[in-house]
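What follows is one structure encoded as structure tokens, with my remarks underneath.
The values are calculated or read from the model by the stated rules, or taken from the named source; none is laboratory data. All values derive from a computational prediction rather than experimental measurement. Glycine also receives a Cβ, built like all others from the backbone with ideal geometry; neighbour counts cover every protein chain displayed.
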Amino acid sequence: MKLLLVIPTVHGGGAEQVAAILAREWSRVHQLRVVAWHVGAERFDFGVPIEDLRLPAQNGLLAKLRAFRLRVQAIAEIERGWQADAVLAFMDEAGLACTLAALQGGWCQRLIVSMHHNPLWLGRARRVLMACCYRWPAAVVGVSQGVKVEMARSMRLPLERLHSIPNPLAVTAPEYVLAHSTMADSFDTGFTLFAGRLDRHTKGLDILLAAHAALPRSRPPLLIVGDGPDRDWLAAEIIRQGLQDVHCMGWQADLQPFYRRAGLLVVSSRFEGWSNVLMEAMGAGCPVVSTDCPYGPAEILGSAFHAQLSPVEDVPALSANMARVLALPEAERKALGEALRERALTFAAPLVAQRWIELVRSLPGVVR
């Protein structure tokens, strides 16, 4: 089967990492081309060479519109020559450009676009634009069942074209983690971990700090891994609250050593689309707690681990859940981690990649 994967960038974010994991799986069995707006010095491994359109993000309205027009033209030209069985667009910018290219070329029935975040994050104008465009592709994939339902509700997309496929878990061998020394080695095992974009509102950084501060003084240190727009606010708030046991580690390319050494991962978000870090930590056998935010954590954990969830913005409940897990005897904590790992393996990359292929084969415009 011939697949064309279109993505704006190939490094840095969760959606790019998801695309790379799936691409490596697909490239083992299918003919795959990967096209990106821009390929920088760093890139994830997609399993095949990445074709660089050399059309990076622009500043200014006119420059943005010109770049968008050139991207649409480039995708239309590539697909005219490639004639893929399916075109898979990852991230909003690729979805919009591919939709217009498909409308021009008459291949909407072979186009799949995807939504990797909660649609409520979008401004009203952008949500309306995407709602208009996403009526045309053969399928729109939400990263969680919650995102799928939200697309139907807030974007009024037809249910028959909406699908839910979770993000894939790439399992890392313990031998790889043990062989790599990282900043995580500077701390004793058992620390509390937060990993994600430093966005105060969406990721609930204010909730995280308050929940940690409410723990007993004997608490383990909190390591915050990530970068984002509220980095300076976070550093100032840590100083203001006198939280000397909170350490900002910056962006880290590999989170596996942190997952393996942490005693607890905390997700304090107000909104999610899925929560890769929650799934990855579980896959590494790390105990977790999370807010029951829309959407993703409840689906990842499943009904068997509902106790790991606390209400959104409920600092006392989140802090109590953190304290409960941190107080578990070592044997019980290891048993919890192993049970969470088994749950995470239901999202293993080969299984999730196959669900995408099954969706491709179900499209009306695909020759089976």
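When both residues are 6+ apart or on different chains and their Cβ atoms are under 9 Å apart, which pairs have a first residue that lies in the stretch 199-215 and is on the phi > 0 side of the Ramachandran plot, and a second that is crowded, with 23+ Cβ neighbours inside 10 Å and of a type in the set (Ser, Thr, Tyr)?
Close Cβ pairs (under 9 Å, with a partner that is crowded, with 23+ Cβ neighbours inside 10 Å and of a type in the set (Ser, Thr, Tyr)) amount to Gly204/Ser268; Gly204/Ser269; Gly204/Thr291.
Determine whether Arg135 is within 23 Å of Val312 (Cα to Cα) and assigned to a loop (DSSP other than H, G, I, E, B).
Against the criterion (within 23 Å of Val312 (Cα to Cα) and assigned to a loop (DSSP other than H, G, I, E, B)), Arg135 does not qualify.
For Ser290, all conditions in the list (1) under 30 Å from Leu162 (Cα atoms); (2) assigned to a helix (DSSP H, G or I); (3) polar (S, T, N, Q) hold save one; what is the number of the exception?
Tallying (1) under 30 Å from Leu162 (Cα atoms); (2) assigned to a helix (DSSP H, G or I); (3) polar (S, T, N, Q), Ser290 fails exactly one: (2).
Tell me the residue from His11, His30, His38 that is farther than 21 Å from Ala86 by Cβ, of a type outside the set (A, V, I, L, M, F, W, C) and in contact with a Leu (Cβ under 9 Å, 6 or more places away or on another chain), please.
It is His38.
Matching residues to (1) of a type outside the set (Gly, Ala, Ser); (2) in contact with a helix residue (DSSP H, G or I) (Cβ under 7 Å, 6 or more places away or on another chain); (3) outside the structural domain of Val18 (by TED's automatic domain parsing); (4) within 23 Å of Ala139 (Cβ to Cβ):
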{"site": "Pro56", "(1), (2), (3), (4)": "yes, no, no, no"}
{"site": "Asn59", "(1), (2), (3), (4)": "yes, no, no, no"}
{"site": "Ala76", "(1), (2), (3), (4)": "no, yes, no, yes"}
{"site": "Arg80", "(1), (2), (3), (4)": "yes, yes, no, yes"}
{"site": "Gln83", "(1), (2), (3), (4)": "yes, no, no, yes"}
{"site": "Ala86", "(1), (2), (3), (4)": "no, yes, no, yes"}
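Of the residues Asp185, Asp199, which single one is at pLDDT 95 or above and either in a helix (DSSP H, G or I) or within 17 Å of the chain's Cα centre (by Cα) (or both)?
Asp199
Among the numbered conditions (1) within 26 Å of Leu3 (Cβ to Cβ); (2) among the charged types (D, E, K, R); (3) surrounded by 17 or more Cβ atoms within 10 Å (Cβ to Cβ), tell me where Arg333 comes up short.
Answer for Arg333: the failing condition is (1).
With the structure loaded, tell me whether Arg219 is closer than 25 Å to Ala15 by Cβ and either of a type in the set (D, E, K, R) or part of a loop (DSSP other than H, G, I, E, B) (or both) or whether it fails that test.
Criteria not met by Arg219.
For (1) in contact with a strand residue (DSSP E or B) (Cβ under 7 Å, 6 or more places away or on another chain); (2) closer than 26 Å to Ala41 by Cα; (3) surrounded by 22 or more Cβ atoms within 10 Å (Cβ to Cβ), each residue gets a yes or a no:
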residue	(1), (2), (3)
Asn59	no, yes, no
Phe68	no, yes, no
Ile75	yes, yes, yes
Val87	yes, yes, yes
Leu103	no, no, no
Arg110	yes, no, yes
Leu122	no, no, no
Pro137	yes, no, yes
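Any residue that is of a type in the set (Asp, Glu), assigned by TED's automatic domain parsing to the domain that holds Gln256 and assigned to a helix (DSSP H, G or I) - is there at least one of those in the stretch 296-319?
Yes: the stretch 296-319 contains one or more residues that are of a type in the set (Asp, Glu), assigned by TED's automatic domain parsing to the domain that holds Gln256 and assigned to a helix (DSSP H, G or I).
Looking at the stretch 235-262, which of the residues that are in a helix (DSSP H, G or I), charged (D, E, K, R) and surrounded by 15 or more Cβ atoms within 10 Å (Cβ to Cβ) is farthest from the chain's Cα centre (by Cα)?
That would be Glu237.
If a residue counts only when it is under 23 Å from Ala353 (Cβ atoms), among the hydrophobic types (A, V, I, L, M, F, W, C) and at pLDDT 95 or above, which strands (runs of 3 or more DSSP E) contained entirely in the stretch 1-72 have at least 3 such residues?
Because the criterion is at least 3 residues that are under 23 Å from Ala353 (Cβ atoms), among the hydrophobic types (A, V, I, L, M, F, W, C) and at pLDDT 95 or above, the strands (runs of 3 or more DSSP E) in the stretch 1-72 that meet it are 2-7, 31-36.
Among Ala344, Ala331, Ala339, Ala327, which is the only one that is free of Cβ contacts under 8 Å to residues at least 60 places away in the same chain, within 17 Å of Ala304 (Cβ to Cβ) and of a type in the set (A, V, I, L, M, F, W, C)?
Selected residue: Ala339, the only one of Ala344, Ala331, Ala339, Ala327 that is free of Cβ contacts under 8 Å to residues at least 60 places away in the same chain, within 17 Å of Ala304 (Cβ to Cβ) and of a type in the set (A, V, I, L, M, F, W, C).
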